Amino acid sequence: MSKFDPYEHLNVTLNDDGSLTRYLNIPKLPATTKEDQISPGQTVVSKDVTLNADNKTWMRIFRPTEPPSNHKKLPIILFLHAGGWIDLSVANPFCHETCNKMAQGIPAIVIGLEFRLAPEHRLPAQYNDAVETINWVKKQALDPRGDQWLRDFADYSRFYLYGASCGANIAYNAVLRILETKMEPLKIAGLIMNQPFIGGKKRTKSELKLATDQYFPLPVIDLLWELALPAGTNRDHRFCNPLQECDKGKLKSIGRCLVIGFGGDPLIDRQQEFVKMLVMSGVRVEAKFDDVGFHNIDMIDQRRAAAILDFIKEFV
């Protein structure tokens, strides 16, 4: 029996300099055409905006082509993609389409963040990128010459963070950081965490039961943390294990949370403990757990993706 190789499962190799070679060449879609070239039937337009040229981070902003008929301003959703810290891009078809569907279906202004990837950039680089994006949005609110789409269409009092898998972890940690700063006129109205990627040293029942899961086996989960966490730390570091140390006073000011999870995800026990911890800290949590389904099922199953979009629409 050949030994399971998590690198092979992830289709990457680790180089001597600590970087990864990623063999999955997932195509990237461009942002849509210019506004003056909107084609008939096109419901969403998107554009790319540089966030930090030194860090090579950028944002793809999506908005419905038709503003709401009631002239109400739209909520803003910061979208943080999955990819186990090490892969994917907001320009990949799945992420691009997810943002398109949210912009049209909710409707909302959606900002997809192209954050830095591990292990070339270990945590907390990704949290810093998300905080920088939130501050960029706040800056547009204060600048009469700020981004025109936000100026014309955005409701700064309804700002949401939506993350999937590692993106949910980024959303949570970014909010904890931003709570310490003055956000006006931007108001964080809620946090949406879809199958949050969290961990810990002590194995849970669901991790042991699903240790050889075909999509997300334990050796792969362990390797992803090894590649993402700061050098010299372990899986009980607060970036990985939010149950280790939590400041209840601070958590209370998070506001509303939506947490989504599936019974076939090795992380399900942790996600449910995480919800309990949030509730005990006074956070208003809506938990949507389904017995059936696996980690990142919404990337494969369009019905699940549509159901998650409905949950988000309801929450927003």
Selection from segment 97-115 of residues in contact with an Asp or Glu (Cβ under 7 Å, 6 or more places away or on another chain) and assigned to a strand (DSSP E or B) yields LEU113
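Being within 19 Å of ASP147 (Cβ to Cβ) and among the polar types (S, T, N, Q) narrows it down to one of SER46, SER39, SER69, so name that one.
Details: SER39 fails: within 19 Å of ASP147 (Cβ to Cβ); SER69 fails: within 19 Å of ASP147 (Cβ to Cβ).
Just a single option satisfies the conditions, and that option is SER46.
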Segment 278-293: number of residues that are under 15 Å from PRO196 (Cβ atoms) and in a loop (DSSP other than H, G, I, E, B): 2
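Given the condition part of a loop (DSSP other than H, G, I, E, B), touching a strand residue (DSSP E or B) at 6+ places or on another chain (Cβ under 8 Å) and either closer than 19 Å to ALA189 by Cβ or not β-branched (Val, Ile, Thr) (or both), answer yes or no: does some residue in segment 126-133 qualify?
Within segment 126-133, the first condition is being part of a loop (DSSP other than H, G, I, E, B), and the residues that meet it are none.
Checked against the condition, which is being part of a loop (DSSP other than H, G, I, E, B), touching a strand residue (DSSP E or B) at 6+ places or on another chain (Cβ under 8 Å) and either closer than 19 Å to ALA189 by Cβ or not β-branched (Val, Ile, Thr) (or both), segment 126-133 yields no hits at all.
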Just to be sure I understand, how many residues within segment 51-66 are at pLDDT 95 or above and either in contact with a Lys or Arg (Cβ under 8 Å, 6 or more places away or on another chain) or of a type in the set (Asp, Glu) (or both)? 6
Test of understanding: among LYS28, LYS72, LYS3, which residue is touching a Ser or Thr at 6+ places or on another chain (Cβ under 7 Å) and basic (Lys, Arg)? LYS28
Output the number of residues of segment 32-61 satisfying the condition of being under 23 Å from the mean Cα position of the chain (by Cα), closer than 23 Å to GLU97 by Cβ and touching a residue at least 60 places away in the same chain (Cβ under 8 Å). 7
Please go through segment 210-237 and give me each residue that is surrounded by 14 or more Cβ atoms within 10 Å (Cβ to Cβ), of a type outside the set (A, V, I, L, M, F, W, C), farther than 24 Å from THR21 by Cβ and at pLDDT 95 or above, ordered by number. THR233, ARG235, ASP236, HIS237
If I ask for residues that are farther than 15 Å from PRO196 by Cβ and part of a helix (DSSP H, G or I), which ones from segment 294-311 would you list? MET299, GLN302, ARG303, ARG304, ALA305, ALA306, ALA307, LEU309, ASP310
Within segment 123-154, can you find the residues that are crowded, with 19+ Cβ neighbours inside 10 Å and among the charged types (D, E, K, R)? ASP129, LYS138, ASP147
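Take segment 134-146 and flag every residue that is part of a helix (DSSP H, G or I) and either more than 24 Å from the chain's Cα centre (by Cα) or without any contact (Cβ under 8 Å) to a residue 60 or more places away in the chain (or both). Please lay out each step first, then the result.
Of the residues in segment 134-146, the ones part of a helix (DSSP H, G or I) are 134-142.
Correct list: ILE134, ASN135, LYS138, LYS139, GLN140, ALA141, LEU142.
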Just a yes or no: is a residue in segment 166-189 over 21 Å from PHE315 (Cα atoms), acidic (Asp, Glu) and crowded, with 17+ Cβ neighbours inside 10 Å? no
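The values are calculated or read from the model by the stated rules, or taken from the named source; none is laboratory data. Here the structure is a predicted model, which means the values were calculated and not measured. Glycine also receives a Cβ, built like all others from the backbone with ideal geometry; neighbour counts cover every protein chain displayed.
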